[in-house]
Amino acid sequence: MSVNHDRGKMLAPDELLTTTRAVRMRLDLSRPVDLSTVEECLRIALQAPSRANVQPWRWIVVTDPRQRAAVGSWYTRAWRERFDAHTERYPAATIRSARYLAHHIADVPVLMIPCLELEALELPTGNQAGLWGSLLPAVWSYMLAARARGLGTAWTTVHLAYEREVAAVLDLPDHVRQAALIPTAHAIGTAFRPARRRPLEAVLHLDRWSRSEDGWTEKEESD
């Protein structure tokens, strides 16, 4: 069982896995997050697998208001350029939630940026599954650990349109690449439910690839 520290509620593993949602509008922007809690979540994340156990992950935890503002300005700019002119492509509830985060990203008490330390200055060509697969499971572990402690998170990569500019803010060396940005704050409320997903039958392939139309359509959801 995992303990939701905010309410003392015990979360069963299946509930933790199915109710860890992207939290944007329900991030508490007025309540500070204890850095020791973030470090606790990251220690759990370090137990995730990595290719050949090389553990190439690096974690940038941004709490200084000026640093958050600098990172946030690039995030907001990237969001406006990418989404403001194309809102019709996405569900209205998703746009409303994402726009709120874009406008308030600098106010989130913790911005956690997971990174890969590369052996070369450039990303390799070809399939990079093994490379990023050595980091992304650990990021998800961090988000699960945060959920178990009453914190809300969201997985976003919007700022990567200005990865080099953000790297300059964070003083990252050239051989370190960013994977995502995980805003982290206390969640307002704990009533998160499983999201509506495609049925397993629509995405499962046994032995051979086959596809059938299942009539599934996306339903708008918001946090």
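When you scan segment 161-204, how many residues do you find that are surrounded by 15 or more Cβ atoms within 10 Å (Cβ to Cβ), touching a residue at least 40 places away in the same chain (Cβ under 8 Å) and of a type in the set (Gly, Ala, Ser)? Total meeting the criteria: 5.
The set of residues in segment 144-166 that are of a type in the set (Gly, Ala, Ser) and either part of a loop (DSSP other than H, G, I, E, B) or under 12 Å from Pro49 (Cα atoms) (or both) comprises Gly150, Ala154. Quick check, is Leu46 touching a residue at least 60 places away in the same chain (Cβ under 8 Å), touching a helix residue (DSSP H, G or I) at 6+ places or on another chain (Cβ under 8 Å) and closer than 25 Å to Asp171 by Cα? In short, yes. Put simply, of Thr87, Thr63 the only residue that is farther than 19 Å from Ser141 by Cα, out of contact with any strand residue (DSSP E or B) (no Cβ under 7 Å at 6 or more places or on another chain) and among the hydroxyl-bearing types (Ser, Thr, Tyr) is Thr87. Within segment 196-218, can one find any residue that is modelled with pLDDT of 90 or more and closer than 18 Å to Leu144 by Cβ? Yes; the residues of segment 196-218 include at least one that is modelled with pLDDT of 90 or more and closer than 18 Å to Leu144 by Cβ. Selection of first residues in segment 79-101 that are of a type in the set (Ser, Thr, Tyr) and of second residues that are surrounded by 14 or more Cβ atoms within 10 Å (Cβ to Cβ) and part of a helix (DSSP H, G or I), restricted to Cβ pairs under 7 Å at least 6 apart or on distinct chains, gives the following pairs, ordered by first then second residue: Thr87/Ile95. When we screen Trp79, Trp74, Trp59 for residues that are touching an Asp or Glu at 6+ places or on another chain (Cβ under 6 Å) and of a type in the set (Phe, Trp, Tyr), the only hit is Trp74.
The values are calculated or read from the model by the stated rules, or taken from the named source; none is laboratory data. From a predicted model like this one, the values you see are computed outputs, not experimental measurements. Cβ coordinates were reconstructed from backbone atoms using ideal geometry, including for glycine residues, and neighbour counts include every protein chain displayed.
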